Amino acid sequence: PWAWFHELMELAYFSYYFLAVGFLVLVFKANGLLENERWDVVRSFVRDLSTTMLICYTMYTLFPAWGPKYFKAGYVDVGGWIFTDIMRYIHDNGALLGAAFPSSHVAASMVPWWHTWKNFPQHRWWMTTIFVLLCMSTVYNRYHYVIDVIAGLLLGWLVMYFGARLGDVARDRLKNRG
């Protein structure tokens, strides 16, 4: 393994912490979105992201699963630079044990990726690049197994599918009463 590639994978994994903020910056800097449209986009995004994280952390509590980094068989320590050190620090001092299945990094990153894809076509290329690298990095960095990534993709898709169909039902019913 090359140190530069390992650093790229750690950067991709680290990007998870900023993808939601990045999407919100796109929303509030966007030209052409009316005020009410802007808040509709934010509301759907927050609904999907919150639901995704709630399901992930409920699963971690009820069914804890450890990723491969906790099993050192065949482990190779690869050098890196800034992001390798940052991620090592985060995992040494704040990692949540048993939070591997499904991958919240994948599931939660799928939310800003999809909302960017849907609302900001001109930004698809870079958001897709980051998202694909993040999905790869979860396995490469030994934070997750492939099945955790697949489950994260499935969870993200299910939350957004049902969120789009059921998310505003209660609000719409209240509007129709008045």
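A few notes on this one:
- Counted charge near LEU26, where neighbours are those whose Cβ lies closer than 13 Å (Asp, Glu -1; Lys, Arg +1): +4
- When segment 113-178 is reduced to its Cα atoms, the Kirkwood hydrodynamic radius in Å: 14.2
- Prolate/oblate/rounded call for segment 10-90, Cα gyration tensor, a/c under 1.5 rounded: oblate
- Global geometry of segment 44-127, whether rounded, prolate or oblate, following the gyration tensor of its Cα atoms and the 1.5 cut on a/c: oblate
- Contact order, relative form, for segment 74-178: 33 percent (alpha carbon pairs under 8 Å, 6 or more residues apart, mean separation divided by residue count).
- Ranked by the mean number of other Cβ atoms within 10 Å per residue, highest first, peptides 43-52, 105-114 order as 105-114, 43-52.
- The mean accessible area for residues of the chain, using a 1.4 Å probe and ignoring ligands and nucleic acids, is 59 Å² per residue.
- Among 58-68, 144-154, 24-34, sorting by the average number of other beta carbon atoms lying within 10 angstrom of each residue, highest first, gives 144-154, 58-68, 24-34.
- On the principal axes of its alpha-carbon atoms, the chain has extents of 63, 38, 25 Å, going from largest to smallest.
- Dipole magnitude of the chain, debye to nearest 20 (Cβ charges: Lys/Arg +1, Asp/Glu -1, about Cα centre): 580
- Relative contact order [Cα under 8 Å, 6+ residues apart], the chain, whole percent: 35
- Farthest positive-ward along segment 46-178 dipole, Cα basis, beta-carbon charges - from ASN176, LEU155, PHE131: ASN176
The values are calculated or read from the model by the stated rules, or taken from the named source; none is laboratory data. If you're wondering where the values come from, they're calculated on a predicted model, not measured in any experiment. Reconstructed Cβ throughout: ideal geometry from the backbone, glycine too, with neighbour counts over all protein chains shown. Just so you know, the surface numbers come from the protein's heavy atoms only, side chains and all, with ligands and any DNA or RNA stripped out. Shrake-Rupley method; radii C 1.70, N 1.55, O 1.52, S 1.80 Å.
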